[in-house]
Amino acid sequence: MNAIAFRKEYEEIAFTPRQLYRVWASRARLFIETYKSRALDRWFKILRPEALDEELLKLVHDEEYIEYVKELSRKGEGYLDYGDTPAYHGVYEKALLALGGTRLIVENIVSGKVKVGFNPQGGFHHAGIRRAAGFCVFNDVALAAGLLSKSGLKVAILDVDGHHGDGTQEILYERPILKVSTHMYAPGFFPGTGYVDELGSGRGYGYNVNIPLPPGVGDDTYIEVIEELIVPLLLWYKPDAVILQSGADSHLGDPLVGLALTTYSYKMLALKIASRISSVKGVIVLAGGGYAPEIAVKVWWAVLLTLVRAPGKVVEQFSTAKKPTKTPESLKKVVRDRINRLKKELVDIHGSIF
Ligand SMILES: [Zn+2]
């Protein structure tokens, strides 16, 4: 079975400032409306999540930070961070409900009931060990990795959000869990981390792979990243489970990020994962960013339907481009140099991968 974690309250959850609240919350509503109007229940069942047990937060977050969020949630004013993530009444409970969806999918993957699962209120990759950031209160990407690892599964994280998955990186930096993040990287662009030299530390050295992309990178270059780095890394690492933070803000037309991808890139990555799907126990897809709701919903459905190998005509209805977008020559070279540098460093650490 393939599943979506959803309950009505998911249409009212957002950890963004007020001006983005409707944009964020409407994504889950639009996603489910599409599910119903396009009869996608043939491919995915809906499972109803409960709030996450508080205890599980300690797998990824500092106890003091958890208490801090609880207290500010009671007070209901100010921010949990420097001004991106507001502390409104009940924010703690809403965060637990959002993370409950990720846990539900993980549990069902571990038990073998679900092969591909999605949480439209998941992918909060900026929350760190003791900090909120970038519209993220608690980090469900790291939580999913922690829960899957605890069940004895070897897990790989792919994060294709337009922003660097800095919180996930921070929480899992010393763990030998493969983490690959592709994101826009430019002076002054949030969160400012995610360069190629952040490779992990201790036992995690060589398991943290960042592919920083300059603004304007299109599908052609992204396909190179998939073929040259992501696929060989997956073939080498051989995960039992894959977590895909499928942030839709790398898409051309997202108002917050300046990359130029279309559903073509997302679909190609999903195809590569789908081709390995018989050797993994499951794929958990987490929504992540995406500030043009209609585009975000198309991206997620294109990814999900590709993963479950729906026929081309079913997937194509969510396509946003007839042709892959092109990257200017000068930027192509920048990315190629970064790919080559990463390859060299990773071979120095692990031996032959590529
Ligand atoms: Zn993002």
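Just so you know, all these numbers are worked out from the coordinates, no wet-lab data involved. This is a predicted model, so every value here is computed, not measured. Cβ sites come from the backbone with ideal geometry, for glycine too, and all protein chains shown count toward neighbours.
From the C-alpha coordinates alone, can you work out the Kirkwood hydrodynamic radius of region 257-311, in Å? Let's see the in-between values first.
Numbers: mean 1/r = 0.0837 Å⁻¹.
The Cα-based Kirkwood calculation yields 11.9 Å.
List, largest first, the extents of the alpha carbons of region 2-350 along their principal axes, each in whole Å.
Here the Cα extents, ordered largest to smallest, are 52, 47, 40 Å.
State, as an integer percentage, the relative contact order of the chain based on alpha-carbon contacts under 8 Å between residues 6 or more apart.
Numbers: 781 pairs, mean separation 60.5, N = 354.
Here the relative contact order equals 17 percent.
Determine which aspartates and glutamates satisfy two conditions relative to LYS45: a Cα distance under 17 Å, and not lying fewer than 8 residues away in the same chain.
Cross-link targets: GLU33, GLU107.
Of all alpha-carbon pairs in region 295-343, indicate the percentage at a distance above 16 angstrom.
In whole percent, the long-distance tail amounts to 57.
Taking a cut-off of 16 Å between Cα atoms, list the lysines near LYS70, but don't count ones fewer than 8 places away on the same chain.
LYS58, LYS94
Report, in listed order, any pair from LYS115/LYS343; LYS179/LYS238; LYS281/LYS344; LYS115/LYS154; LYS115/LYS323 with a Cα-Cα distance greater than 19 Å.
LYS115/LYS343; LYS281/LYS344; LYS115/LYS323
Expressed as a rounded percentage, what relative contact order does region 11-155 have, with Cα pairs under 8 Å and six or more residues apart?
The normalised contact order for region 11-155 reaches 25 percent.
Which of the chymotrypsin sites (Phe, Trp or Tyr not before Pro) across region 80-163 are loop residues per DSSP, with 12 or fewer other Cβ within 10 Å?
Listed in order of number, the matching sites are TYR82.
Work out how far the C-alpha atoms of region 92-249 reach from end to end along every principal axis, then list the three figures in whole Å, largest first.
Here the Cα extents, ordered largest to smallest, are 39, 35, 32 Å.
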